[in-house]
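Novice: Below is one structure. I have some questions about it.
The values are calculated or read from the model by the stated rules, or taken from the named source; none is laboratory data. Note that this is a predicted model, so its numbers are computed, not measured. Cβ atoms come from the backbone with ideal geometry, glycine included; neighbour counts cover every protein chain shown.
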Amino acid sequence: MDYVIRYGVDNMTKKKVWMSFCIVMIFLLTCTVLSIRIEKMMRIDVETCTAEVDEETNTAKLPKSCYQFDEFESAVFCVEEKEGLFGKELVATKEEMAPMYEEDGYAVIPSSFATEESGRLIIIQDATWSVEEGDVVVRRKETEVDVNRQIWVLSCLAAMLLPGFLLLRRSVRKLGDLQEGNRKAGLEGIVLIAIWLCVVYLCMGQLEIPRQYLPQESILDIKFYIEELRSLNFFHDYKKELCTSGICILGLWSVTLFFKRYFVKLHLKKQKIQDTESR
């Protein structure tokens, strides 16, 4: 009798440890998917140019703004294409190009400074934030961002939090059954997790927030967002859209809770009938 009790307790402990491990793994996978998208969003937008070379005088002209990122105004940052983890990336590299003199808002340098074997250097003229050696950057897009669309994308992300939580909760229970040998339940749990990760990845891919409206370093800098939204009168200008999206979020959450309660009652009723028949 004692052996049976100990055996049951050991199995329960193993199941709890396994489910805890699954929760940690789901959290890490979700963070990984988010970090892939956030890393791309946090890349600094840059505007680039090439030097105007005068072959007669062996000199080249650069806008003075190219030197704004160097403390001593003797170096510029160039854009170099390199192979990254997920494909080719544009990386900022620092190049010493001390100007000989200035002329009409331009810095004059030796032409040899502005070229290399592959052609003229692509130099960063302007950027949303200060550039440092090794920063991964993207070329600035001229297209305007549709604010209304971005509000709805963010609303979708917020709306799926509660359904996503319930989905992952169910997946963990299914994976718990896998530890007891129920492979079918385990497969269902894996499929649910895959669905969650795909939805997060696709929704995050629809976000196109201009880089200047994101913090310089940490995406979780809440103070920055509050100050930025206040300075833009965001809540006043988009009051209607925000109210509508808020109602939609609460509506979806209410529907989700309704169906959860309905299916829980249905499951309890079915279980009660099975218990009655077994007696």
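Novice: Hey, could you check the range 60-78 for residues that are part of a strand (DSSP E or B) and touching a helix residue (DSSP H, G or I) at 6+ places or on another chain (Cβ under 6 Å) and say which is nearest to residue 128 (Cα to Cα)? Even if it seems obvious, please write down each step before you answer.
Specialist: First, pick out the residues of the range 60-78 that are part of a strand (DSSP E or B): 60-63, 75-78.
If we keep only those that are touching a helix residue (DSSP H, G or I) at 6+ places or on another chain (Cβ under 6 Å) as well, we get 60, 76.
On the way: 60: 26, 76: 16 Å.
Filtering the range 60-78 for residues that are part of a strand (DSSP E or B) and touching a helix residue (DSSP H, G or I) at 6+ places or on another chain (Cβ under 6 Å), the one nearest to residue 128 (Cα to Cα) comes out as 76.
Novice: With surrounded by 15 or more Cβ atoms within 10 Å (Cβ to Cβ) and touching a Leu at 6+ places or on another chain (Cβ under 6 Å) as the only criterion, which of 164, 189, 176 stands out?
Specialist: 189
Novice: Let me ask you something else. Checking residue 134 against (1) in contact with a strand residue (DSSP E or B) (Cβ under 9 Å, 6 or more places away or on another chain); (2) in contact (Cβ under 8 Å) with a residue 60 or more places away in the chain; (3) assigned to a loop (DSSP other than H, G, I, E, B), which test does it fail?
Specialist: (2)
Novice: When you go through (1) at pLDDT 80 or above; (2) hydrophobic (A, V, I, L, M, F, W, C); (3) part of a helix (DSSP H, G or I); (4) out of contact with any helix residue (DSSP H, G or I) (no Cβ under 7 Å at 6 or more places or on another chain) one by one for residue 220, which number turns out not to apply?
Specialist: Unmet for residue 220, out of (1) at pLDDT 80 or above; (2) hydrophobic (A, V, I, L, M, F, W, C); (3) part of a helix (DSSP H, G or I); (4) out of contact with any helix residue (DSSP H, G or I) (no Cβ under 7 Å at 6 or more places or on another chain): (3).
Novice: If I filter the range 86-106 for residues that are more than 30 Å from residue 15 (Cβ to Cβ) and in contact (Cβ under 8 Å) with a residue 60 or more places away in the chain, do I get at least one hit?
Specialist: Checking the range 86-106: not a single residue is more than 30 Å from residue 15 (Cβ to Cβ) and in contact (Cβ under 8 Å) with a residue 60 or more places away in the chain.
Novice: Scanning the range 161-219 for residues that are free of Cβ contacts under 8 Å to residues at least 40 places away in the same chain and of a type in the set (Val, Ile, Thr), which turns out farthest from residue 16 (Cα to Cα)?
Specialist: 199
Novice: Conditions: (1) more than 26 Å from residue 215 (Cα to Cα); (2) in a strand (DSSP E or B); (3) without any contact (Cβ under 8 Å) to a residue 12 or more places away in the chain. Residue 81 meets all but one. Number of the miss?
Specialist: (1)
Yes/no matrix, rows are residues, columns are (1) surrounded by 17 or more Cβ atoms within 10 Å (Cβ to Cβ); (2) of a type outside the set (Ser, Thr, Tyr):
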{"residue": "22", "(1), (2)": "yes, yes"}
{"residue": "27", "(1), (2)": "no, yes"}
{"residue": "36", "(1), (2)": "no, yes"}
{"residue": "44", "(1), (2)": "yes, yes"}
{"residue": "48", "(1), (2)": "yes, no"}
{"residue": "54", "(1), (2)": "no, yes"}
{"residue": "73", "(1), (2)": "no, yes"}
{"residue": "78", "(1), (2)": "yes, yes"}
{"residue": "82", "(1), (2)": "no, yes"}
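Novice: In this structure, is residue 116 in contact (Cβ under 8 Å) with a residue 12 or more places away in the chain, over 19 Å from the mean Cα position of the chain (by Cα) and loosely packed, with under 14 Cβ neighbours inside 10 Å?
Specialist: Criteria not met by residue 116.
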